[in-house]
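Since every read-out is calculated from the coordinates, none of them should be taken as a lab result. Being a predicted model, the structure only gives us computed values, none of them experimental. Positions of Cβ are generated from backbone atoms using ideal geometry, with glycine treated the same way; all protein chains shown enter the neighbour counts.
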């Protein structure tokens, strides 16, 4: 393991990383005023010139853009997969759930935005047929949440989303968090089957931290918005912890108010990340993950960290590009746009 095992794939990832957007790119995007300017900028960018060369700017509503950007993210995944050896592919097969989740989240967002899902997903079908139990053709034309969830019947995501049927008016965040909870649980349970040694240590730190943070986000929202009882909360959270002690997780679930939750949070491993009105748990989660992506790649350049960090950075880039387009639509000034893009 190490240099010999990761030499080829790390070289490929370094070349791909040179096309990722920089802080200067995001500042430039924040100064754009029209959608055609946005498209032209991406056309001139190495990472997106092929994707956007024939794109019609009239079609660029958020859902369509997410689909286009997801295609680019998928293609990056496929490029890395082709360079991976058997051991690395086992991990990437597990990671592929993250791309599935992104597709399903996009479908949810489109429905919550009042749009009918109209996605041409044929270009993904070959890869999905080999790696997924999600029926892409069934997803491509649903027009309601009930239809979407019925289209997922038979997939590994169906039972997890079905639990929200008893929720009073579940939000988009609730559906997205539910998908994340399922994904992180599956990754945590199966990581030891495809990784060992240094690679296992890296992924344990990355996903252990994610599990702690996602659980705390979910518990906090139940305290603030849903008023669920502790037994109900326990049925929804991931039954694992990393730096968060089991006793602390229990105390957070049993907290009688948002104020008590925050007080308990300030005694945990994560207390140095100041949780307040300006810095949400979601913000803290993103900051930690970005730090881990940088430090793990720097410390272990020839390891699973190179794959995981690139795929995470690509995911962040897609989110930021979607936000940049939304800032243009709402005609925000460059300073406001940049702050929102980088949040």
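Using Cα-Cα distances under 8 Å and only pairs 6 or more residues apart, what relative contact order does region 195-300 have, in percent? Please list the in-between numbers first.
Details: 66 pairs, mean separation 32.7, N = 106.
Once divided by the residue count of region 195-300, the mean separation gives 31 percent.
From zero up to wherever the largest Cα-Cα distance of the chain sits, split into 20 Å bins and tell me the percent of pairs in each.
Each 20 Å bin holds this share of Cα pairs: 28, 62, 11.
Would you list 246, 149 from fewest to most Cβ contacts within 10 Å? Working shown, then result.
Numbers: 246 10, 149 19.
Ordered by Cβ neighbours within 10 Å, fewest first: 246, 149.
May I ask for the equivalent-ellipsoid semi-axes of region 68-178, computed as the square root of five times each C-alpha gyration tensor eigenvalue and listed largest first in whole Å?
26, 16, 12
Counting C-alpha atoms alone, how compact is region 250-329: give Rg to one decimal and Dmax as a whole number, in angstrom.
16.7, 47
How high is the relative contact order of the chain, given as a whole-number percent (alpha carbon pairs under 8 Å, six or more residues apart)? Write out the running numbers ahead of the final one.
Working: 316 pairs, mean separation 83.6, N = 343.
Reported as a whole number, the value is 24 percent.
If R0 is 51 Å, what FRET efficiency do you get for residue 44 and residue 262 from their C-beta distance, rounded to 0.05? Mind dumping the intermediate values first?
Details: r = 46 Å, r/R0 = 0.90.
Calculated transfer efficiency: 0.65.
Can you give me the Kirkwood hydrodynamic radius for region 195-300, using every pair of distinct Cα atoms, in Å to one decimal? Intermediate results must be reported in sequence, preceding the final value.
Numbers: mean 1/r = 0.0689 Å⁻¹.
That comes to 14.5 Å for region 195-300.
Can you pull a Stokes-Einstein diffusion coefficient for region 135-207 at 10 °C (1.306 mPa s), Rh from Kirkwood over Cα pairs, as a whole number of µm²/s? All intermediate terms of the calculation are to be shown ahead of the outcome.
Values: Rh = 14.2 Å.
Translational D for this selection: 112 µm²/s.
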